[in-house]
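Undergrad: Structure in structure tokens, see below.
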Amino acid sequence: METGRTIGILGGTFDPIHNGHLLAAEWAREDFKLDELIFIPAARPPHKDLQGILESNHRYRMVELAIEDNPDFSVSPIELERAGYSYTVDTITHYLQTYPGIKIYFIIGIDALQIIYTWKDLDRLLTLCRFIVVTRPGYELDKNAACFQSVPAEIWERIEFLYIPALEISSSDIRRRVAVGKTVKYLLPSQVEKYIKENCLYQDINGETYE
Ligand code: ATP
Ligand code: MG
């Protein structure tokens, strides 16, 4: 990766990846003139109960399938290969050390912004990258809203907001729909839908799933 490049990173559990993730990534790439966009599936997100999360090889493969037609998108196994919890600060540090001179934007949805105060080494993280916060249906974008009370003041200086067309899609909803045999067509790329079917994923959760 050349010095001076600007990259975007979208982290997530991607259980499974869906059109909301893809749209957020593509609009961020265009608006912020990002040279490339890297999807990074988390091995063990600290804020999610590992129980019930699909094996990482399936989650990784579904991201690969979802992005195969977009040359600006790539996926990295860096968090899956690292032992223990997946902390964003470790991932960003790795990229900055491996590719000195690059600039990083980390993309999150508003729901993630609300709990950002729980992230490891947030103060240091804020000095390492900037954040693009994308709108998400059901979450209000108002700095004074009660849900943002715990967001540290200094973070507002490191954030850019990006309005994207509202897609009320979530992985948890997709998992629930698959489990009860409902259609998930057009919520995610058809290759991913096919992969879920072929591998009989999300069948045994009885509609109950972690949030
Ligand atoms: P789950 O329901 O399992 O939590 P999810 O749909 O929220 O899944 P994640 O993998 O948790 O997906 O999300 C990764 C990132 O993508 C988060 O920062 C989240 O806010 C953002 N994101 C997810 N879905 C959307 C969406 N529909 N619109 C905008 N941002 C989204
Ligand atoms: Mg989520």
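The values are calculated or read from the model by the stated rules, or taken from the named source; none is laboratory data. Owing to the predicted nature of the structure, the values given are computational and were not obtained by experimental measurement. Neighbour counts run over all protein chains shown; Cβ positions are idealised from the backbone, glycine included.
Undergrad: Looking at residue 113, is it modelled with pLDDT under 95, surrounded by 19 or more Cβ atoms within 10 Å (Cβ to Cβ) and not in a helix (DSSP H, G or I)?
TA: Working: modelled with pLDDT under 95: yes; surrounded by 19 or more Cβ atoms within 10 Å (Cβ to Cβ): yes; not in a helix (DSSP H, G or I): no.
No.
Undergrad: Further question: Tell me, which residue of the range 133-148 that is within 16 Å of ligand 2 (Cβ to nearest atom) and surrounded by 12 or more Cβ atoms within 10 Å (Cβ to Cβ) is farthest from residue 33 (Cα to Cα)?
TA: Initial filter on the range 133-148 (within 16 Å of ligand 2 (Cβ to nearest atom)): 133-139, 147.
Imposing the further condition that a residue be surrounded by 12 or more Cβ atoms within 10 Å (Cβ to Cβ) reduces the set to 133-137, 139, 147.
Working: 133: 16, 134: 16, 135: 19, 136: 21, 137: 25, 139: 26, 147: 30 Å.
Here the answer is 147.
Undergrad: Moving on. Can you find, within the range 149-169, the residue that is surrounded by the most Cβ atoms within 10 Å (Cβ to Cβ) among those that are assigned to a helix (DSSP H, G or I) and touching a helix residue (DSSP H, G or I) at 6+ places or on another chain (Cβ under 8 Å)?
TA: Restricting attention to the range 149-169, the residues satisfying the condition of being assigned to a helix (DSSP H, G or I) are 153-158.
Remaining after also requiring touching a helix residue (DSSP H, G or I) at 6+ places or on another chain (Cβ under 8 Å): 154-155, 158.
Values: 154: 11, 155: 18, 158: 15.
Here the answer is 155.
Undergrad: Go through the range 87-137 residue by residue and tally those that are in contact with a helix residue (DSSP H, G or I) (Cβ under 7 Å, 6 or more places away or on another chain), of a type in the set (D, E, K, R) and near ligand 1 (Cβ under 10 Å from one of its atoms).
TA: Number satisfying all stated conditions: 1.
Undergrad: Which one of these does residue 54 not meet: (1) within 14 Å of the chain's Cα centre (by Cα); (2) among the hydrophobic types (A, V, I, L, M, F, W, C); (3) within 16 Å of ligand 2 (Cβ to nearest atom)?
TA: If we test residue 54 against (1) within 14 Å of the chain's Cα centre (by Cα); (2) among the hydrophobic types (A, V, I, L, M, F, W, C); (3) within 16 Å of ligand 2 (Cβ to nearest atom), just (1) comes out false.
Undergrad: Also: Given the criteria in contact with a strand residue (DSSP E or B) (Cβ under 8 Å, 6 or more places away or on another chain), of a type in the set (A, V, I, L, M, F, W, C) and closer than 21 Å to residue 29 by Cβ, does residue 192 qualify?
TA: For residue 192, the condition - in contact with a strand residue (DSSP E or B) (Cβ under 8 Å, 6 or more places away or on another chain), of a type in the set (A, V, I, L, M, F, W, C) and closer than 21 Å to residue 29 by Cβ - is not met.
Undergrad: Regarding the range 93-101, can at least one residue be identified that is within 16 Å of ligand 2 (Cβ to nearest atom), part of a helix (DSSP H, G or I) and surrounded by fewer than 15 Cβ atoms within 10 Å (Cβ to Cβ)? Steps first, please.
TA: The initial filter retains those residues of the range 93-101 that are within 16 Å of ligand 2 (Cβ to nearest atom), namely none.
No.
Undergrad: Here's a follow-up. Between residues in the range 4-29 that are within 15 Å of residue 68 (Cα to Cα) and residues that are at pLDDT 95 or above and among the β-branched types (Val, Ile, Thr), which pairs lie under 7 Å by C-beta distance while being six or more apart or on different chains?
TA: 17/63; 17/192; 18/169; 18/174; 19/169; 23/164; 25/107
Undergrad: Does any residue in the range 87-105 that is on the phi > 0 side of the Ramachandran plot come within less than 7 Å, Cβ to Cβ, of a residue that is among the aliphatic types (A, V, I, L, M) and in a helix (DSSP H, G or I) six or more places away or on a different chain, and which pairs are these?
TA: Final answer for the pair search is none.
Undergrad: Here's a follow-up. What pairs come up if the first residue lies in the range 151-177 and is touching a residue at least 60 places away in the same chain (Cβ under 8 Å) and more than 13 Å from ligand 2 (Cβ to nearest atom), the second is in a loop (DSSP other than H, G, I, E, B) and among the hydroxyl-bearing types (Ser, Thr, Tyr), and their beta carbons are under 6 Å apart, counting only those six or more places apart or on different chains?
TA: 164/135
Undergrad: If you take the residues of the range 20-43 that are over 13 Å from the mean Cα position of the chain (by Cα) and either at positive phi or assigned to a loop (DSSP other than H, G, I, E, B) (or both), which of them is surrounded by the most Cβ atoms within 10 Å (Cβ to Cβ)? I'd like the intermediate steps shown before the answer.
TA: Start the filter on the range 20-43 by keeping residues that are over 13 Å from the mean Cα position of the chain (by Cα), which leaves 27, 29-36.
Now drop any that are not either at positive phi or assigned to a loop (DSSP other than H, G, I, E, B) (or both), which leaves 32-35.
Values: 32: 17, 33: 8, 34: 22, 35: 15.
Checking each candidate, the answer is 34.
Undergrad: All but one of (1) modelled with pLDDT of 95 or more; (2) surrounded by 16 or more Cβ atoms within 10 Å (Cβ to Cβ) hold for residue 121; which doesn't?
TA: (2)
Undergrad: Could you tell me how many of the residues in the range 138-148 are in contact with a helix residue (DSSP H, G or I) (Cβ under 6 Å, 6 or more places away or on another chain) and farther than 24 Å from residue 8 by Cα?
TA: The qualifying residues number 1.
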